[in-house]
Amino acid sequence: MRTRDREKILAEAGRGLESMLRHFMEHAMKVEALGVMIPDMPPWETFAGMRRKIERLRAGKVRGLDPRVPLLLLADVMELSLEKAIITRLVVADMNGQTELERSINERLVAERLRRSVAGFHALKKSPEAADPESPVAEKVRRIHRERKKEQGRGRKRKG
């Protein structure tokens, strides 16, 4: 892998890490202000549904299950739970972006290696030593040619 590619991957990882830490710190400050443990959002709940429930709680249109828990506190906890789910999704998306970047760089490197090996094969095939059918170079050219044909598979049969 080239130095430039490694630097690009490291820079992208650094940006992702900074973004993740910034999101976590903002969320942690809000959680600390409430002084409660924030549960995960229920898996069946959507972001829009959760927002609607929070708005209904804040407007006082819904009664809480436990009268000892203030509705505004419950709405704040639900909002932080929603925010926690969003942050988790953002972090996972950043990590997937990093993986995609590494995959694209590796694909490019494999394609370059293949192109160089094909160019080397063609140069070897045109060398004067390959013209002699008894030479080891000619044997190597034939072996490489057979391997390449085997990798590509059989060609289609022609009619007629």
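Of everything in segment 47-84, what is among the polar types (S, T, N, Q) and loosely packed, with under 13 Cβ neighbours inside 10 Å? Give them in sequence order.
none
Do the conditions hold for Lys61, that is, is it part of a helix (DSSP H, G or I), more than 33 Å from the chain's Cα centre (by Cα), more than 30 Å from Arg22 (Cα to Cα) and of a type in the set (D, E, K, R)?
For Lys61, the condition - part of a helix (DSSP H, G or I), more than 33 Å from the chain's Cα centre (by Cα), more than 30 Å from Arg22 (Cα to Cα) and of a type in the set (D, E, K, R) - is not met.
When you scan segment 91-103, do you find a residue that is aliphatic (A, V, I, L, M), at pLDDT 85 or above, at negative phi and surrounded by 12 or more Cβ atoms within 10 Å (Cβ to Cβ), even just one?
Checking segment 91-103: not a single residue is aliphatic (A, V, I, L, M), at pLDDT 85 or above, at negative phi and surrounded by 12 or more Cβ atoms within 10 Å (Cβ to Cβ).
Select from segment 9-20 the residues that are under 10 Å from Gln98 (Cα atoms) and either outside any helix (DSSP H, G or I) or touching a Leu at 6+ places or on another chain (Cβ under 8 Å) (or both) and list them in ascending order.
The answer is Ile9, Glu12.
Could you figure out which of (1) closer than 30 Å to Pro43 by Cα; (2) without any contact (Cβ under 8 Å) to a residue 24 or more places away in the chain isn't true of Glu129?
In the conditions (1) closer than 30 Å to Pro43 by Cα; (2) without any contact (Cβ under 8 Å) to a residue 24 or more places away in the chain, Glu129 misses (1) alone.
If a residue has to be among the β-branched types (Val, Ile, Thr) and either part of a helix (DSSP H, G or I) or over 30 Å from the mean Cα position of the chain (by Cα) (or both) to count, how many in segment 29-58 make the cut?
3
The values are calculated or read from the model by the stated rules, or taken from the named source; none is laboratory data. It should be emphasised that the depicted structure is a prediction, and the values quoted were computed from it without experimental measurement. Cβ atoms come from the backbone with ideal geometry, glycine included; neighbour counts cover every protein chain shown.
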